[in-house]
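The values are calculated or read from the model by the stated rules, or taken from the named source; none is laboratory data. All values reported here derive from a predicted model rather than from experimental measurement. Counting neighbours? That spans all protein chains shown, and the Cβs are built from the backbone with ideal geometry, glycine included.
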Amino acid sequence: MGNTLAYKILETHLIDGKLNPGEEISIRIDQTLTQDSTGTMVYLQLEAMDAGMAKTELSVAYIDHNTLQTGFENADDHAFIESVAKRHGILFSKPGGGICHQLHLENFGAPGKTLLGSDSHTPTGGGLGMIAIGAGGLDVAVAMAKGFYSLTVPKVIGVHLTGALRPWVSAKDVILHVLKELSVKGGVGRIVEYSGEGVAALSVTDRATIANMGAELGATASVFPSDENTKAFLESQGRGEQYMPMAADADAAYDETLRVNLSDLEPLAAMPHSPDNVKSVSEIGPIKVDQVAIGSCTNSSYADLMKTAAILRGRRVHEEVSLVISPGSAKILSKLANNGALSSLIDAGARIIENACGPCIGMGQSPKSGAVSLRTFNRNFRGRSGTLDADVYLVSPETAAISAVVGTLTDGMAEGSERGFFIPEIKPERFERNDHFIVFSKETNSDNTPVTMGPNIKPFPRNTALADTVEGRVVLRAGDNITTDDIMPSDSRLLPYRSNIPYLSNFCFEKIDSGFAARAKDAGKGIIVGGENYGQGSSREHAALAPLWLGIKFVIAKSFARIHRSNLINSGILPLLFENHEDYDRLRAGANLVMKDARTQIRRPIVTLTDTDTGREYRLLANFSDLERRMLLAGGKINMMKETPQTK
């Protein structure tokens, strides 16, 4: 029985444990990345560990989220991150350089490497044949301090690709099709591995788009083989020497298999308000469009924007449409300027904004009330755009561009040639090296480099060791697919306070329950109840740290998204599962629950909580690994490390 590519890479990085699904392992981490929205907290945690130089081959701190500087807060965070980067030998990517995942693909990603990032879309690196994993900030801080990461061995879903994409169908349509088939929780506890003759028809940036939105499946990582297309991409970036061929064995066995004929796909769109709410563009029909946004870490590559420029060349954006474009990197923007494509975009009426995450995270360009916004982004959760009643559709750059001209959602495959549109084939071009936005800091160290810390940066909250008796009041009952955007909103109003948990916590759950924060503070010790896939979406550990600040002791749900569950455990909050899903309906808001002998119970697979008012007992699954139990007993990961330093 042959080996999957995913397990081959994990095996070469294995430190502890065995590669059996469900078992806990530790792997060596070659590279890490952070971005500024999560990064300030990461580096506060790194400093709390008294760590020296980063133990990885390469670590990069990118500034790409909080680039809208209307006050001192974001600039102060950037100065803090740069100072800590210098102390620990971490590269610092200045604002304006581009989006972390696009930049890492261009400059640092390499086949066969492991990458851990404090951003849920870190799996973008899988387009280069990496095992790239998104994680909570504390896990990334530990990886920099210690050089390893612990995880439960995922199963591997094999996606077998055949055929080739037709004109007007792109990589975005591939991943939207996979999301339609598997759903936003279909990848939880799994790595998605792509193979088959259809892979050869996809460029590295195509593959990166698909791997990027593996995060929307809930997958641990997505990975493509490293082949001639990989070699061509690395050579185009001046890094051809880093190429190495890698693929699964011909007889590799997968836990599940999905077969996709690329030739059968058509333009698709994810409708409001979930990335797996997918229909064909032709099926949705020509709805009126108010805004189109092209960019993000999913679709801001050179090829994406060259196709956009070809569609817009000699045309005008519809008078009732606002088109905004955010290139993925300064290198891409420079190339577009030099070859004339930028003029085509501007002359058509497109607004060109900074090489940054921008509107994807609600940082500017919020659509008008009740608007229809087509976006080439990766998430369309309600309110993520900054406008609560906007309807956001996720589409490919080709669909976005033609729709911006026509003024309605348009199927280019059906109407493109009829309307005179043409999309050329975009081949990799040689890019000049541009590291003007990167500060190399290997010459400094923690002994001689001070930390710069502004007044908005507050210490992160720390839990205490698990008590023998833990109790709390149910302060929120939530439904299925609660996102980290629901828990801790992310927009231009709140992003500057990502380094100030006491202030940020006042807005916890405000989109779905504006009274939550006050009610949690009043309770003192609170419990959150959720449905399926609780905590899907971003890797932001603020969705655990803010509830921790508000006194949350337990989160009880039908199921959890991987990263958020880890973040809860890292913070010492107990994520428990309903053994009987009918108990979800029985557990009322305001109920007072107590877990007696908690330190003993937590060592068992099933724990019991008792409603002190009714006497009803709730049996809950405590499916924790030995490492997770140690963290929970200690009151979180940093507490555990302080008690028992790890030396792996």
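For D76, the conditions (1) crowded, with 24+ Cβ neighbours inside 10 Å; (2) among the charged types (D, E, K, R); (3) more than 30 Å from A303 (Cβ to Cβ) are fulfilled apart from (1).
Residue-level analysis places D290 outside the set of residues that are of a type outside the set (S, T, Y), under 22 Å from I191 (Cβ atoms) and in contact with a strand residue (DSSP E or B) (Cβ under 7 Å, 6 or more places away or on another chain).
In region 240-267, the residue that is nearest to L179 (Cα to Cα) out of those that are among the hydrophobic types (A, V, I, L, M, F, W, C) and in a loop (DSSP other than H, G, I, E, B) is L265. In region 393-445, the qualifying residues are those that are touching a residue at least 60 places away in the same chain (Cβ under 8 Å), in a loop (DSSP other than H, G, I, E, B) and small (G, A, S), and the one that is nearest to Q35 (Cα to Cα) is S441.
Quick one: which of L165, L179, L202, L161 is under 17 Å from the mean Cα position of the chain (by Cα) and of a type outside the set (V, I, T)? Talk me through it step by step, then tell me what you get.
Working: L165 fails: under 17 Å from the mean Cα position of the chain (by Cα); L202 fails: under 17 Å from the mean Cα position of the chain (by Cα); L161 fails: under 17 Å from the mean Cα position of the chain (by Cα).
Only one candidate passes the filter, namely L179.
On the given criteria, is S280 under 19 Å from A414 (Cβ atoms), at pLDDT 95 or above and not basic (K, R)?
On the way: under 19 Å from A414 (Cβ atoms): yes; at pLDDT 95 or above: yes; not basic (K, R): yes.
Yes; evaluated as a whole, the condition is true for this residue.
Would you check if D119 is crowded, with 24+ Cβ neighbours inside 10 Å, in contact with a strand residue (DSSP E or B) (Cβ under 8 Å, 6 or more places away or on another chain), assigned to a loop (DSSP other than H, G, I, E, B) and not aliphatic (A, V, I, L, M)? Answer is yes for this residue. Applying a threshold of 7 Å to beta carbon distances and a minimum spacing of six or more residues, or different chains, the list of pairs starting in region 611-634 at a residue that is under 23 Å from G531 (Cβ atoms) and in the same structural domain as V474 (by TED's automatic domain parsing) and ending at one that is among the charged types (D, E, K, R) and at pLDDT 95 or above reads Y618/D583; R619/E579; L620/E579; L621/E579; A622/R604.
Of all the helices (runs of 4 or more DSSP H) wholly in region 595-648, which have at least 1 residues that are among the small types (G, A, S) and touching a helix residue (DSSP H, G or I) at 6+ places or on another chain (Cβ under 7 Å)? Spell out how you get there, then give the answer.
Numbers: elements: 598-601, 626-634, 637-643.
In region 595-648, 626-634 are the helices (runs of 4 or more DSSP H) which contain 1 or more residues that are among the small types (G, A, S) and touching a helix residue (DSSP H, G or I) at 6+ places or on another chain (Cβ under 7 Å).
Going through (1) in a loop (DSSP other than H, G, I, E, B); (2) touching a strand residue (DSSP E or B) at 6+ places or on another chain (Cβ under 7 Å) one by one, I27 falls short only on (1). Suppose we keep only residues that are under 19 Å from G214 (Cα atoms) and at pLDDT 95 or above within region 380-410. Which one would you say is nearest to the chain's Cα centre (by Cα)? Filtering region 380-410 for residues that are under 19 Å from G214 (Cα atoms) and at pLDDT 95 or above, the one nearest to the chain's Cα centre (by Cα) comes out as L394.
Give the residue that is nearest to E582 (Cα to Cα), with candidates limited to residues of region 447-506 that are free of Cβ contacts under 8 Å to residues at least 12 places away in the same chain and not in a helix (DSSP H, G or I). Among those that are free of Cβ contacts under 8 Å to residues at least 12 places away in the same chain and not in a helix (DSSP H, G or I), it is R493.
Being at pLDDT 90 or above, more than 30 Å from L593 (Cβ to Cβ), among the polar types (S, T, N, Q) and not assigned by TED's automatic domain parsing to the domain that holds Q536, is that true of even one residue in region 463-476? No, the conditions are met nowhere in region 463-476. Looking only at residues in region 546-573 that are in a helix (DSSP H, G or I) and either β-branched (V, I, T) or outside the structural domain of N623 (by TED's automatic domain parsing) (or both), the one that is farthest from R599 (Cα to Cα) is I563. Restrict the check to region 72-95 and report whether at least one residue is in a strand (DSSP E or B), in contact (Cβ under 8 Å) with a residue 40 or more places away in the chain, within 30 Å of A200 (Cβ to Cβ) and touching a strand residue (DSSP E or B) at 6+ places or on another chain (Cβ under 9 Å). Looking for residues that are in a strand (DSSP E or B), in contact (Cβ under 8 Å) with a residue 40 or more places away in the chain, within 30 Å of A200 (Cβ to Cβ) and touching a strand residue (DSSP E or B) at 6+ places or on another chain (Cβ under 9 Å), one finds none in region 72-95, hence no.
Please verify whether T647 is surrounded by fewer than 18 Cβ atoms within 10 Å (Cβ to Cβ) and modelled with pLDDT of 95 or more, treating the condition exactly as stated. Give the steps one after another, and end with the answer.
Values: surrounded by fewer than 18 Cβ atoms within 10 Å (Cβ to Cβ): yes; modelled with pLDDT of 95 or more: no.
In short, no.
For the condition modelled with pLDDT of 95 or more and surrounded by fewer than 21 Cβ atoms within 10 Å (Cβ to Cβ), H13 qualifies. Taking into account only those residues within region 343-359 that are hydrophobic (A, V, I, L, M, F, W, C) and under 19 Å from S403 (Cα atoms), which is surrounded by the fewest Cβ atoms within 10 Å (Cβ to Cβ)? Looking at the filtered set, the residue picked out is I346.
Could we say that D206 is of a type in the set (D, E), part of a helix (DSSP H, G or I), farther than 13 Å from V178 by Cβ and at pLDDT 95 or above here? So D206 passes the test.
Do we have T449 as in contact with a helix residue (DSSP H, G or I) (Cβ under 7 Å, 6 or more places away or on another chain) and not assigned by TED's automatic domain parsing to the domain that holds G635 here?
Answer is yes for this residue.
Within region 516-545, the set of residues being among the small types (G, A, S), over 22 Å from L179 (Cβ atoms) and part of a loop (DSSP other than H, G, I, E, B) comprises just one member, G524. Where residues in region 136-179 are under 13 Å from S566 (Cβ atoms) and among the polar types (S, T, N, Q), which of them is surrounded by the most Cβ atoms within 10 Å (Cβ to Cβ)? Once the filter is applied, the top-ranked residue is S150. Taken over region 1-22, the criterion of being in contact with a Phe, Trp or Tyr (Cβ under 6 Å, 6 or more places away or on another chain) and either at positive phi or assigned to a strand (DSSP E or B) (or both) is satisfied by I15 alone. Set side by side, the residues I487, I426 differ, and just one is buried (at least 19 other Cβ atoms within 10 Å of the Cβ) and either under 28 Å from L587 (Cα atoms) or of a type in the set (V, I, T) (or both), which is I487.
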